[in-house]
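Quick note: the coordinates plus some simple rules give every number you see, no bench work behind them. Everything quoted here is computed from the prediction, not taken from an experiment. Cβ atoms come from the backbone with ideal geometry, glycine included; neighbour counts cover every protein chain shown.
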Amino acid sequence: MRMDMLETVTLKALTQQDLAVLGTGEIAYLRPVSVQGEEVVAVMGADGRQVGLAPDRDSAVIAAFQHDLLVVPVH
């Protein structure tokens, strides 16, 4: 079996719990949130937990990189 086929099969076998911890501590995404009526940007861990807040997107990206988190887009 080719390696790319093996990876696809392995990924399809992941459970919801497996996916929740995949990338934890390594990957983050950004999400706009409202805190006490003020719009800020939340840095979210791969498992969906909020790991930080920043006043704007640029600050959130910088904070994530400073904590060795790769910011990825989520669609």
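Values as computed for the structure displayed
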| read-out | value |
| --- | --- |
| Selected residue (criterion: surrounded by the most Cβ atoms within 10 Å (Cβ to Cβ)) from residues of region 30-75 that are among the β-branched types (V, I, T) and more than 26 Å from D18 (Cα to Cα) | V41 |
| Wholly enclosed strands (runs of 3 or more DSSP E) of region 8-75 bearing at least 2 residues free of Cβ contacts under 8 Å to residues at least 12 places away in the same chain | 27-35, 38-45 |
